[in-house]
1. Please give the helix A:192-201 orientation as an angle from the longest Cα principal axis of chain A, in degrees from 0 to 90, rounded to the nearest 10.
2. How far is helix B:59-69 tilted, in degrees, relative to the longest principal axis of the Cα atoms in chain B, given as a value from 0 to 90 rounded to the nearest 10?
3. Would you mind getting the accessible area per residue of the protein assembly as shown, heavy atoms of the protein chains only, 1.4 Å probe, in Å²?
4. With a 1.4 Å probe and every protein chain kept in, tell me what percent of the accessible surface of chain A is carbon plus sulfur.
5. Which residue, B:Val76, B:Val124, B:Val235, has the most motion in a Gaussian network model of chain B that connects Cα atoms within less than 10 Å?
6. Quick one: with label points 7 Å out along Cα→Cβ, list the inter-copy distances for A:Asp74 in nm, shortest first?
7. Say a label goes 7 Å from Cα toward Cβ at B:Lys29 in every copy; what distances in nm does this one have to the rest, shortest first?
8. With every protein chain present, what accessible area does A:Met217 have (1.4 Å probe, heavy atoms only), rounded to the nearest 10 Å²?
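The values are calculated or read from the model by the stated rules, or taken from the named source; none is laboratory data. Treat the numbers as computed from the prediction; the structure is a model and nothing was measured. Ideal geometry is used to build each Cβ from the backbone, glycine not excepted, and the neighbour counts take in all protein chains shown. Each accessible area value is taken on the protein alone, full model and side chains, heavy atoms only, with ligands, DNA and RNA left out. Shrake-Rupley method; radii C 1.70, N 1.55, O 1.52, S 1.80 Å.
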Protein chains: 2
Amino acid sequence: MSARPAPWSLDERRARVLLARSAEPYDEKVQALVADLGPVDLVGHALRDGRTPGGVGLERLSARLPRAAELDEDRVCRTLGARLLVPGDAEWPVALDALGAPPWCLWVRGPLALDEVGERSVAVVGARASTAYGEEVAVRLSFALAERGFTVVSGAAYGIDGAAHRAALSADGPTVAALAGGVDVPYPRANADLIAQIGARGLLLSETPPGGAPARMRFLARNRLIAALAAGTVVVEAGLRSGARSTAREARELGRHVMAVPGPVTSVMSAGCHEEIRAGATLVTDAAEVAELVGRVGADLAPVKRGQVLPEDALPDEQRRVWQWLRPRSSVDVDELVVRSGLELGEVLVALGELEDLGLAEQLLDGWRRAPGGGHGAGGRRGRG
Amino acid sequence: MSARPAPWSLDERRARVLLARSAEPYDEKVQALVADLGPVDLVGHALRDGRTPGGVGLERLSARLPRAAELDEDRVCRTLGARLLVPGDAEWPVALDALGAPPWCLWVRGPLALDEVGERSVAVVGARASTAYGEEVAVRLSFALAERGFTVVSGAAYGIDGAAHRAALSADGPTVAALAGGVDVPYPRANADLIAQIGARGLLLSETPPGGAPARMRFLARNRLIAALAAGTVVVEAGLRSGARSTAREARELGRHVMAVPGPVTSVMSAGCHEEIRAGATLVTDAAEVAELVGRVGADLAPVKRGQVLPEDALPDEQRRVWQWLRPRSSVDVDELVVRSGLELGEVLVALGELEDLGLAEQLLDGWRRAPGGGHGAGGRRGRG
């Protein structure tokens, strides 16, 4: 306890940590006082006077600060293998300064350097109660983004968040989890192993001090950090009132790219994504489209999506079985194709529709034939694989 | 045959029918000549001189016109119960005049008046090789649009088109099918019953003369009629090279509303829809959103989608079983909830996530509790369903 500094020797770093220990980052009254007085004077007045020079009472802060001041924060960090960052530190991410209420300080834990994350990073967020579809999409997207060298930022929650982090780690890519509780508080507990992995190979960060519980309002405050740290935010699945939509809203307000993945209109877990797209978010279906929007101009152009015009021998089995019985000039009727191909009527009709879409078959009044020139001379339209 | 008029007695109506019988509507050379000379002079020159006054050869037209002139079109129409429309007729839809190459004439068959269709109509189009998902969406959408008094316009093809017409008929709503072949040529044959129903209760139309085959290029030409007749076009499912996308392109060029329904990004039959949305089409998920865009200003506003905040006793079974074991203040951990609720761990976690989304549960560090005020005082946020 003898190391406890006198209040009047406060430096900015220590004032910020004491603030983070004594008030919530979403407390608008404290935010306004910090904006007005700065952290050093605010904490100084709270410790000395219990009120601001303008007469605003600081009872709550005054009551909490002494206990916070007893903590040896250096020792806490050493014990946890964490680092404490404040604005002005080399590792402080300037991206956070765009926030209306930037964090007073951040605790980070892991080998990544936080200031190097922002340039090429995508937040992949979504519902906790995700569907198998949403998780599959989150995995595909994050894996491919990590392979392209993008850092995947998310919140380590159940569902989409966890799938995104896991996929980035699988691709040996960098990944950052912004936590609502302290960097030493793995939450949800079912993701404790994942969170430990992110801390060992990527980066955990939080503005909640070590030991702090992941309370509800801290989740909402945490979402603004995810939005600010990433160059763009992709919502993979979200109910209409999902927290992921608050991340998208923060990203929009910060002028970051906001993207959403569509899904079945019959799925309530895609309803929030569809509303985001209707409100202006960019619809994205794969990592190439995300990279094109978020990445370096010119370096990350998504290939134009075109229909595949495959050579006939590369057709899927059912299409090939139908196609081989079509003639170049005269028509063959559907009944004959059913007999020849050995397929069901429905399968033949589907295959014919697909062949026509591929430019390989043509409908006539009395049946079908091979389309003139179909599948040839169309090499320039060939899909990417 | 004695009724055959001399070439020099051609009126506009007869000239247009002869043109439709002798040239294809997508023949740009003939289109240019019609734009230049008008139908009467063009047909007159072809019959008399075999060339235009400017010296353009009309051999092909000249060779075909005499045989067309032998037909008694009135009798054809009477036999089929069809009507022949040309611009200037009361039933001619003015919407078609927006086309760069309007049809020379139209054959229509059915009780609807074509000129009354345009005001409140939506084209619902999509892939022939549709999925169960796409058909379900087409049915929901078209049924609800028909119930709201919108005419559903489509192409009577397999898949989405057929589902759209059938749903409109089920709702006792008006529906119009634009055919690529003649109005007496039911194609595809598997939809013959459906096409007969549309002719009996709605309207069939075609610019291909009776008896004409539904050839490939006629499908593409037909798509522009669908786009022009409807106030807006919704693509429900489409592969990247689907014909439905040509309808959307025509609609866009005509300044009509273009909409697309999203689907799983893993489905090739939604890939064309997603590309349309990325290119500017409006994402729509239900009939209310379509009606809002296409309908009368003010009369068809879609309700704002909000998350449902249900009273606790209206919760789905699993959520209710979890919620009843949560306490208002102190936390209950997940293991206890598994034991109490009799649900699996995964089910409990999903239910907790949903309860939190509903504002009814709150995560703490060591478990869950009922959210303070959750589900109460939130009546204004209650969903519509």
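1. 80
2. That helix lies at roughly 90 degrees to the long axis.
3. Numbers: 32450 Å² over 770 residues.
In whole numbers, the protein assembly as shown has 42 Å² accessible per residue.
4. Details: 8070 of 16210 Å².
Exposed carbon and sulfur together represent 50 percent of the surface.
5. Largest GNM mean-square fluctuation: B:Val76.
6. In ascending order, 10.8 nm.
7. Taking the point 7 Å beyond Cα along Cα→Cβ, the inter-copy spacings are 8.6 nm.
8. 90
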